[in-house]
1. Under the 0.36 nm per residue contour assumption, what length would be gained going from the current alpha-carbon distance of residue 111 and residue 289 to full extension?
2. Taking 7 Å along the Cα-to-C-beta vector as the label spot, tell me the residue 179-residue 11 distance in nanometres, rounded to one decimal.
3. Counting pairs of Cα atoms in the chain, how many percent are more than 28 Å apart?
4. Past the 17 angstrom mark, what percentage of all C-alpha to C-alpha distances in region 38-120 do you count?
5. Using only Cα atoms and rounding to the nearest 10 degrees, what angle (0 to 90) does helix 269-279 make with the longest principal axis of the chain?
6. May I ask for the distance between the Cα centers of region 229-275 and region 49-124, given as a whole number of Å?
7. Hey, which lysines would be in cross-link range of residue 48, C-alpha to C-alpha under 30 Å, not counting anything within fewer than 8 residues on its own chain?
8. Place a point 7 Å from Cα of residue 19 in the direction of its Cβ. Which residues in region 55-94 have their backbone N less than 20 Å from it?
Amino acid sequence: MAKHDVTDVESAVKACYSTWADSYFRDYYTGGAYPPVHLDVVRDLLRKARTKTLLDAGCGPASMLRGLADMGLEIYGFDLTPEMVEAARNAVREFGVAPERIWQGSVTDRQAFRQPGTAGPFDATICIGVFPHIPESVEDEVIANLRDSVRKGGLVAVEARNQLFGLFTLNRHSYDLFASELIRAEQLRGAAASTVVDAMLDELRKQFRMDLPSVRSGKSGEPGYDQVLARLHNPLTLQKRFSQAGFAEVQVHFYHYHCLPPMLEPMAPELFRSASLAMENPSDWRGYFMASAFIVTGLRA
């Protein structure tokens, strides 16, 4: 696993999202090809936790908060990207939330979770769309920051992209999972001639659609999503990290199911969408392989 400098990563992520503030909510929450099914998962989690005060760590343009506005919550949020913060302030103002409750900050900074005048520690903290951009070297610090942002017994819910989905997709993510995590090619090279190992890996690569999914570039010269750090997470190992960080009742909730490998969707898009939606079930074991994302939750012990 390559090491990443946090400052460099955050600078690239800011650049990536700087031109996305006006369209992100529309692209992923209202006009996308697949509805935001994770919103219902989060609403259910907050309802069961009897949440009254909520922090959204990495709130973007208040995408998730807009979908929670009718729950009577006292909401707060922060984001790394200034343009996203401005868009979020404008959005929450429309449903009566003071713009001061949205501020700029990084999940790697403990102080960002404790702004003056906020209601922390909170009943719940959510973190959606952020973990792909966190270097592994500081991930445990971020988990600790999230834990400490809630009261004892408070809920933390973190969304991540499912690395194990690569066992189903048959594309470049599959090859990455096989080579890096399962085979661990570097270790294999230490046990055999590199030329032999490289030849075998080249043959393995031919079994996957390495051109898929398409690499997402930026809108106007800035780096795109797939050109900045955008990690996938193994739900089994992330669940373990939460338990080790002092969370109780750690659970994994899967969403965005795919009834077939994504490359087959163009053959019957309506069938693909309807059959995939019919599969949505946060606790179905098939989610480990057929869902592209998940939410790990825990209660502060």
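1. On the way: separation 178, 0.36 × 178 = 64.08 nm, distance 3.66 nm.
Residue separation times 0.36 nm, minus the Cα-Cα distance, leaves 60.4 nm.
2. Result: 2.8 nm between the two label points.
3. Roughly 40 percent, once rounded to a whole number.
4. 42 percent
5. It is inclined by approximately 70 degrees.
6. 25 Å
7. Those lysines meeting the cut-off are 152, 240.
8. Counting only backbone N, you get 60-61, 80-88.
No value in this document is a laboratory result; all are computed from the given coordinates. Here the structure is a predicted model, which means the values were calculated and not measured. No Cβ is skipped: glycine too gets one built from the backbone with ideal geometry, and neighbour counts run over all protein chains shown.
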